1. Can you list the trypsin sites (Lys or Arg not before Pro) in the stretch 277-316 that are in a DSSP coil and have 13 or fewer other beta carbons within 10 angstrom?
2. Which value in deg cm²/dmol, rounded to the nearest 500, describes the helix-derived mean residue ellipticity at 222 nm for the chain, given -39,500 (n - 2.57) per DSSP H run of n ≥ 4 and division by the residue count?
3. Quick one: which residues, 5 or more positions from Ser256 or on another chain, have an amide H under 5 Å from its amide H? H modelled 1.01 Å from N in the peptide plane, none for Pro or chain starts.
4. All other residues with a Cβ under 11 Å from the Cβ of Leu279 taken together, and with Lys, Arg as +1 and Asp, Glu as -1, what is their net charge?
5. Hey, how many Å between the Cα centroid of the stretch 181-216 and the Cα centroid of the stretch 282-326?
6. Give me the Å³ per residue figure for the convex hull around the C-alpha atoms of the chain.
7. Skipping prolines and chain starts, which residues have an amide H placed within reach, meaning under 5 Å, of the one on Arg400, given they are 5 or more residues away or on another chain?
8. Where a ≥ b ≥ c are the square roots of the eigenvalues of the C-alpha gyration tensor, would you call the stretch 110-339 rounded, which needs a/c under 1.5, or, failing that, prolate if a/b is larger than b/c, or oblate?
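Please treat every number below as a calculation from the coordinates, not as lab data. Quick caveat: nothing in here was measured; it's all calculated off a predicted structure. Positions of Cβ are backbone-derived with ideal geometry, glycine not excepted, and every protein chain shown enters the neighbour counts.
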Amino acid sequence: MSQSSAEYDAKTIKKIAVTSLKPGMVISGYVCDWGGDPAHWGRKTIRRQEEIDKIKSNGIDEVYIDTAVGLDVVNAPTLLEVKMVAAQEIKKMGTLREPSPYPVAKNISMQDELSNARKVTDHARKVVAGVLIDVRLGKQVELAQVRDAVERMTESAFNNVGAILSLSLIKRKDEYTFMHSVNVGVFLMSFCHTMGMDKEQIILAGIGGMLHDVGKMKVPLEILNSPNKLTDAEFDTMKAHPLFSGEILRETAGISPLSVQVAEQHHERFNGSGYPFKLTGQEIGLFGQMAAIVDVYDAITTNRSYHKGMPSHEALEKMYEWCKNHFDLALFQQFVQCVGIYPVGSLVRLENQQVGVVIENHREALLLPVVRLILDAKRKCAIEPTTVDLLTVKDKQAFRICDHESPTTWGIDPKKYLPKAELYR
């Protein structure tokens, strides 16, 4: 049987320490998150030691090399092996669940709360758009309207946290800057909710999330909206935006230090490779660490002009890999338990070879979501859509999730099979 090009690449691309790099090797990728990734470098053949020194100076400790076209490191793990380990570890996180610490929500079903969740997130988007435009024009942030929007989202989360979270998990074709700010706010609030924080902390974190990128309004538009890969100088300018965010928010009457921490520290990384302060480890505040995780997750799962968004499960696997240097692993595990092992909108295949869309998660059983079955993988045909709750189904083995599936491969749009699908468009 012939190998696909993807399988071939996964076996010939290897992960190595930067200290093992030498001239003659071909770099195919960098083991660092979206926020710190020198994306403008791209694929690179190493020819001089100076090039290796530059990579080290950017806080990058590991890279991927293509051994099919460059020098090899014999015992280094392949991309395939790295991906398999990450997938296994992410799945294990679904069994780490302890008794839920988060506040008891009202008895409102996800489906019943969706319409309200969409209403409050659309309102938040308009508020963020207005705030960012005002700041671009030199006006101060109107904190009252931001807090009002966040309080509305918080109420929705307390009604049913899965409803508002699902709207951020399923990407819409809105203007990126505004929806990214809302998504970071929602993810951060849901994260806090999952960790059992009190309502005021959730609100203040949400405000910080909504305003975390306000400093980008001080970045020249030609850099901010560039469809091309940024140069080193342009990237340095872009890296100043968390500092600008902090300056703007400190001038905002009534702002909380917690909200400022979110905005200033969302690009800091555990190994000191982040910016703007190059903080390390616990020098980064708890809410700064949480903001870094949710900011990266939303960024890498969203289509941009210069990169295609990853499916949620691939993003979580990548972020697990980055935990070695960039994030606190225990905190990342909490985030995985927030969004789910199989986030809403994921396409999954069961042991019985039926394929379905995840439409809801059980926080007490992350490996057993509610799935809308729509395909028969064995016969390669559609079936009558049926909703199955894997937590309560009798034949647990036949209905066990065995793998993720690609919507592109099957030519379907998972959003069409979600409850109240029109709310996700």
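1. Listed in order of number, the matching sites are Lys278, Lys308.
2. -13500 deg cm²/dmol
3. Under 5 Å from the amide H of Ser256: no residue qualifies.
4. Combined, the nearby Lys, Arg, Asp and Glu give -1.
5. If we compute the Cα centre of each part, the gap is 15 Å.
6. 147 Å³
7. Residues meeting the criterion, in which the H sits 1.01 Å from N, are Glu351, Asn352.
8. Because its axes are fairly even, with a/c under 1.5, the stretch 110-339 counts as rounded.
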